[in-house]
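Beneath this line is the structure, given in structure tokens, with notes to follow.
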Amino acid sequence: MDKIKIMEASVRKWEGIIKGKRSDGGVIDCPPCRIFYILICIGCPIAAYTGKKFCKGTPYGRWYWHQLEAHDRIRKKVYCPECLKLATEMRDFMIEIVEHMKAQKAAKEKAVELTTNE
């Protein structure tokens, strides 16, 4: 299981939401949740990055509550400029995590390379 690919799928999900091609189904269609959320949030790259489970410490809470309070619809998607702003924040946060994970992977690979060359 490649956690970077899972997070890249999450970026694609939010890009689809931003473009108006899909809606947010929460844990049902979240790529990391499909694997790491089984009543408890264990091993999720988002939780590892934030140090908090269940997407606490991410822009998701603001998106979720805006959807409920401003639109009160079953489908969570871009309905207004604030939705677009919040979805973009979530997408950008997912990109930030992907970039962080790639940097960590590169650092580990370099450390292994240095160790094997000694």
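The values are calculated or read from the model by the stated rules, or taken from the named source; none is laboratory data. A quick note: this is a predicted structure, and the numbers were derived from the prediction, not measured. Here Cβ is always computed from backbone atoms with ideal geometry, including for glycine, and neighbour counts include all displayed protein chains.
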The listed residue being closer than 17 Å to residue 94 by Cβ, surrounded by fewer than 19 Cβ atoms within 10 Å (Cβ to Cβ), hydroxyl-bearing (Ser, Thr, Tyr) and touching a Cys at 6+ places or on another chain (Cβ under 9 Å), out of 64, 37: 64
All positions within segment 28-40 that are outside any loop (DSSP other than H, G, I, E, B) and either under 11 Å from residue 87 (Cα atoms) or of a type in the set (D, E, K, R) (or both): 34
Report, by residue number, each residue of segment 42-51 that is in contact with a helix residue (DSSP H, G or I) (Cβ under 9 Å, 6 or more places away or on another chain) and farther than 15 Å from residue 94 by Cβ. 42, 43
Mind listing just one residue for me: the one in segment 76-92 that is touching a Ser or Thr at 6+ places or on another chain (Cβ under 8 Å) and outside any loop (DSSP other than H, G, I, E, B) and, of those, farthest from residue 14 (Cα to Cα)? 76
Which residues, counting only those in segment 5-27, are out of contact with any Gly (no Cβ under 7 Å at 6 or more places or on another chain) and part of a loop (DSSP other than H, G, I, E, B)? 19, 20, 21, 23, 25
For segment 90-104, does any single residue satisfy the condition of being under 18 Å from residue 1 (Cβ atoms) and aromatic (Phe, Trp, Tyr)? no
What single numbered condition from (1) part of a helix (DSSP H, G or I); (2) charged (D, E, K, R); (3) within 20 Å of residue 28 (Cα to Cα) fails to hold for residue 73? (1)
The lone condition residue 113 fails out of (1) at pLDDT below 95; (2) within 16 Å of the chain's Cα centre (by Cα) is (2)
Could you figure out which of (1) over 15 Å from the mean Cα position of the chain (by Cα); (2) within 21 Å of residue 104 (Cα to Cα); (3) at pLDDT 95 or above isn't true of residue 1? (3)
